[in-house]
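Asks: Quick one: structure below, then a few questions.
The values are calculated or read from the model by the stated rules, or taken from the named source; none is laboratory data. Every value quoted in this text rests on a predicted model; they were computed, and no experiment measured them. With ideal geometry, Cβ positions are generated from the backbone for all residues, glycine too; neighbour counts draw on all protein chains shown. Side chains included, ligands, DNA and RNA excluded: accessible areas come from the protein's heavy atoms. Shrake-Rupley method; radii C 1.70, N 1.55, O 1.52, S 1.80 Å.
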Amino acid sequence: MVLKVVGSGSSGNGYIIEGENEALLIEAGCKAIDVKKALGFQISKVVGMLISHQHGDHCKYIGQYMDLGFPIYTNDETQKFIKDIYGEVAKGIRELKPIIIGRFSVTPFYVPHNEIANFGYLIKHEEMGKLLFLTDLELCPYSFKGVGINHLVIENNYDAELIDPSFPNYKHKILGHCSTQTMLGIVEENRSDALQSVVLCHLGEGSNPYDAVKQVKEKVSSSCLVELATKGKEIKLEKDWKEE
């Protein structure tokens, strides 16, 4: 299985988890044509899409994806926003209630994002194991230590030691996004021998992503891949996994 980064950051977020026969999309902040290209126009492989929250860099192109006919899932608050603003009907799902999308098992959970309802996702698939997706969060209220996460896709938006209080949208950044220091704490909390990759996403101004990569590598095993979610990046998601 592979993680494909269509876009990551305030200009638009879009990710694909693609296996041999099916694919799951995350976020509708990039144009559908860019996702089609990343899939080699095999759009029939898509079994569904997850959206974390209502901000435009995560959902503004939802209409283009609704036209393609696959189900789109999010929290109830974002579902209502999408219907009111875009006139589209996504599927609301409940926190901590796993759903099955194709052969993916998805468990959503709320993470704080400056008073905006926002989902993180625990995603399981027999071809990749267990992937934890966290973006646009001030902190993570849950520990997945006992789950044995194989892959972690996590926001690294700014460094608290580098960001200036005079920075535009400073308050939103510190209340709605994940700092390098918080990211490192989440990695520390959830690392285990099972962890195979850490991907830093939604990079922002006021950060030093290459230094963040270095710091993550100091916390994980030497066999764990640490990457930045840059546009066009493809990252293998390999791990044998069986339901416990």
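Asks: Look at TYR170 and say whether it is of a type in the set (Phe, Trp, Tyr) and touching an Asp or Glu at 6+ places or on another chain (Cβ under 8 Å). Explain how you work it out, then say what you get.
Replies: Working: of a type in the set (Phe, Trp, Tyr): yes; touching an Asp or Glu at 6+ places or on another chain (Cβ under 8 Å): yes.
Yes.
Asks: Can you spot a residue in region 62-82 that is at pLDDT 95 or above, part of a helix (DSSP H, G or I) and of a type in the set (Phe, Trp, Tyr)?
Replies: Checked against the condition, which is being at pLDDT 95 or above, part of a helix (DSSP H, G or I) and of a type in the set (Phe, Trp, Tyr), region 62-82 yields at least one hit.
Asks: Here's another thing I want to ask about it. Residues in region 95-112: is at least one at pLDDT below 95, of a type in the set (Asp, Glu) and either over 20 Å from GLU22 (Cβ atoms) or surrounded by 14 or more Cβ atoms within 10 Å (Cβ to Cβ) (or both)? Step through it out loud before you land on a result.
Replies: Looking only at region 95-112, we keep the residues that are at pLDDT below 95, and these are none.
No, the conditions are met nowhere in region 95-112.
Asks: So, in region 1-24, how many residues would count as being in contact with a Gly (Cβ under 9 Å, 6 or more places away or on another chain) and within 22 Å of GLY204 (Cα to Cα)?
Replies: Selection size over region 1-24: 12.
Asks: Separate question: Mind listing whichever residues of region 228-244 are within 21 Å of LYS145 (Cα to Cα), buried (at least 18 other Cβ atoms within 10 Å of the Cβ) and either of a type in the set (A, V, I, L, M, F, W, C) or touching a helix residue (DSSP H, G or I) at 6+ places or on another chain (Cβ under 9 Å) (or both)?
Replies: Of region 228-244, the ones within 21 Å of LYS145 (Cα to Cα) are 237-244.
Then keep just the ones that are buried (at least 18 other Cβ atoms within 10 Å of the Cβ); that gives 237, 239.
Hit for region 228-244 is LEU237, nothing else.
Asks: A further question on this structure: Go through region 160-202 and give me each residue that's more than 17 Å from VAL111 (Cα to Cα), surrounded by 19 or more Cβ atoms within 10 Å (Cβ to Cβ) and modelled with pLDDT under 95.
Replies: Within region 160-202, just ILE163 meets the criteria.
Asks: Would you pick out the residues in region 86-111 that are in contact with an Asp or Glu (Cβ under 6 Å, 6 or more places away or on another chain), in a loop (DSSP other than H, G, I, E, B) and at negative phi?
Replies: Across region 86-111, there are no qualifying residues.
Asks: Also, quick follow-up: Identify the residue in region 32-77 that is among the aromatic types (Phe, Trp, Tyr) and within 18 Å of the chain's Cα centre (by Cα) and, among all such residues, is surrounded by the most Cβ atoms within 10 Å (Cβ to Cβ). Steps first, please.
Replies: Initially, region 32-77 is screened for residues among the aromatic types (Phe, Trp, Tyr), giving 41, 61, 65, 70, 73.
Checking which are within 18 Å of the chain's Cα centre (by Cα) leaves us with 61, 65, 73.
On the way: TYR61: 21, TYR65: 24, TYR73: 21.
Residue satisfying both the conditions and the ranking: TYR65.
Asks: OK, next. Here is a list of conditions, (1) in contact (Cβ under 8 Å) with a residue 24 or more places away in the chain; (2) open to solvent by 30 Å² or more (accessible area, probe 1.4 Å), and LYS83 meets all of them except one; can you say which number that is?
Replies: (1)
Asks: Let me ask you something else. Of the conditions (1) among the β-branched types (Val, Ile, Thr); (2) over 14 Å from the mean Cα position of the chain (by Cα); (3) surrounded by 17 or more Cβ atoms within 10 Å (Cβ to Cβ), ILE123 fails just one. Which one is it?
Replies: Here ILE123 clears every test but (2).
Asks: Next up: Search region 52-85 for residues being in contact with an Asp or Glu (Cβ under 6 Å, 6 or more places away or on another chain) and β-branched (Val, Ile, Thr), and hand back the single one that is nearest to PHE119 (Cα to Cα).
Replies: ILE82
Asks: When the residues of region 9-31 are narrowed to those that are over 16 Å from VAL153 (Cβ atoms) and of a type in the set (D, E, K, R), which ends up surrounded by the fewest Cβ atoms within 10 Å (Cβ to Cβ)?
Replies: My answer is GLU20.
Asks: Look at region 126-144 and say how many of its residues are open to solvent by less than 10 Å² (accessible area, probe 1.4 Å) and more than 18 Å from LYS239 (Cβ to Cβ).
Replies: 4
Asks: Let me ask something additional. Filtering region 213-226 down to residues that are under 21 Å from TYR15 (Cα atoms) and in contact with a Leu (Cβ under 7 Å, 6 or more places away or on another chain), which residue is surrounded by the fewest Cβ atoms within 10 Å (Cβ to Cβ)? Please lay out each step first, then the result.
Replies: Looking only at region 213-226, we keep the residues that are under 21 Å from TYR15 (Cα atoms), and these are 213, 224-226.
Then drop every residue that is not in contact with a Leu (Cβ under 7 Å, 6 or more places away or on another chain), which leaves 213, 224.
Details: VAL213: 16, CYS224: 20.
Out of the qualifying residues, it is VAL213.
Asks: Closer than 19 Å to SER179 by Cβ, out of contact with any helix residue (DSSP H, G or I) (no Cβ under 7 Å at 6 or more places or on another chain) and touching a residue at least 12 places away in the same chain (Cβ under 8 Å) - does that describe any residue in region 138-148?
Replies: Taking region 138-148 as the starting set, the residues that turn out to be closer than 19 Å to SER179 by Cβ are 138-143.
Cutting the leftovers down to out of contact with any helix residue (DSSP H, G or I) (no Cβ under 7 Å at 6 or more places or on another chain) gives us 141-142.
When the remaining residues are screened for being touching a residue at least 12 places away in the same chain (Cβ under 8 Å), the result is 141-142.
Yes, region 138-148 contains at least one residue that is closer than 19 Å to SER179 by Cβ, out of contact with any helix residue (DSSP H, G or I) (no Cβ under 7 Å at 6 or more places or on another chain) and touching a residue at least 12 places away in the same chain (Cβ under 8 Å).
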